Amino acid sequence: MSMQSFHDFSAKTLQGKEVSMADFKGKKVLVVNTASKCGLTPQFEGLEKLYKKYQDKGLVILGFPCNQFGNQEPGDEKSIAQGCVLNYGVTFPMFAKVDVNGDNAHPIFKYLKSKLRGIFSSRIKWNFAKFLVDEKGRPVKRFSPWTKPESIDGYLEKVFQKSSEKIAEK
């Protein structure tokens with residue numbers, strides 16, 4: 001059996017369409033579990049900024065709404081979609097609501113947590129945990145829910161600089 005990669009998984013969008021993660025081969029992917037009614041919800045704005053800034057360089061952000069933390073995503077797919085777009089102008093792909101912890105956790109999150117453990121355990125602690133996956137589908141970095149998108153910007157800046165230098169060397 002071959003080693004699993006992020007690209008082996010798929011998930012349903014907010015609109016109910018099944019999307020294969022293989023569609024994102026060759027891109028860096030930031031996977032985030034989101035919530036509309038959380039103290040950290042304003043991170044949507046920062047994530048959207050990151051997306052706009054690095055989209056052309058090959059970054060995609062995937063938002064996965066989750067209601068496992070303080071009941072902060074109680075809405076259905078439609079209300080989530082409206083909230084993200086109206087309140088934060090989110091244009092990156094948003095997926096249907098999932099669990100990220102426990103037996104019913106979405107396979108993508110089971111996989112990411114198994115590859116990138118948190119500080120004390122692999123469990124996701126709160127909304128807006130972020131996982132960075134490289135072009136080849138390998139999870140490379142995990143950011144805590146409290147790491148603001150602005151802080152990730154510096155990290156991405158370096159990562160994209162490195163990859164453009166590699167291209168220049170060839």
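Within the stretch 22-47, take every residue that is closer than 22 Å to Gly70 by Cα, of a type in the set (A, V, I, L, M) and under 13 Å from the mean Cα position of the chain (by Cα) and give me the one that is modelled with the lowest pLDDT. It comes out as Ala35. How many residues does the stretch 17-71 hold that are crowded, with 17+ Cβ neighbours inside 10 Å and in a strand (DSSP E or B)? Counting residues in the stretch 17-71 that are crowded, with 17+ Cβ neighbours inside 10 Å and in a strand (DSSP E or B) gives 14. Please tell me if Phe131 is touching a residue at least 60 places away in the same chain (Cβ under 8 Å), farther than 15 Å from Val32 by Cβ, in contact with a helix residue (DSSP H, G or I) (Cβ under 7 Å, 6 or more places away or on another chain) and not in a loop (DSSP other than H, G, I, E, B). Considered against the rule, which asks whether it is touching a residue at least 60 places away in the same chain (Cβ under 8 Å), farther than 15 Å from Val32 by Cβ, in contact with a helix residue (DSSP H, G or I) (Cβ under 7 Å, 6 or more places away or on another chain) and not in a loop (DSSP other than H, G, I, E, B), Phe131 comes out as no.
Residue count for the stretch 29-81 under the criterion of being under 20 Å from Glu18 (Cβ atoms), in contact with a helix residue (DSSP H, G or I) (Cβ under 8 Å, 6 or more places away or on another chain) and not hydrophobic (A, V, I, L, M, F, W, C): the result is 4. Residues considered: Val98, Val159. Of these, the only one that is within 20 Å of Glu18 (Cα to Cα) and in contact (Cβ under 8 Å) with a residue 60 or more places away in the chain is Val98. Scanning the stretch 100-128 for residues that are over 14 Å from the mean Cα position of the chain (by Cα), hydroxyl-bearing (Ser, Thr, Tyr) and in a helix (DSSP H, G or I) gives a single hit, Ser114.
Considered as a group, the residues in the stretch 122-170 that are under 21 Å from Pro107 (Cβ atoms) and of a type in the set (Val, Ile, Thr) include one that is surrounded by the fewest Cβ atoms within 10 Å (Cβ to Cβ), and that residue is Val140. The set of residues in the stretch 88-99 that are in contact with a Pro (Cβ under 9 Å, 6 or more places away or on another chain) and either part of a strand (DSSP E or B) or closer than 17 Å to Pro42 by Cα (or both) comprises Tyr88, Met94, Phe95.
The values are calculated or read from the model by the stated rules, or taken from the named source; none is laboratory data. Remember, it's a predicted structure, so these values are computed and weren't measured experimentally. Neighbour counts are summed over all protein chains in view; Cβ atoms, including those assigned to glycine, are modelled from backbone coordinates with ideal geometry.
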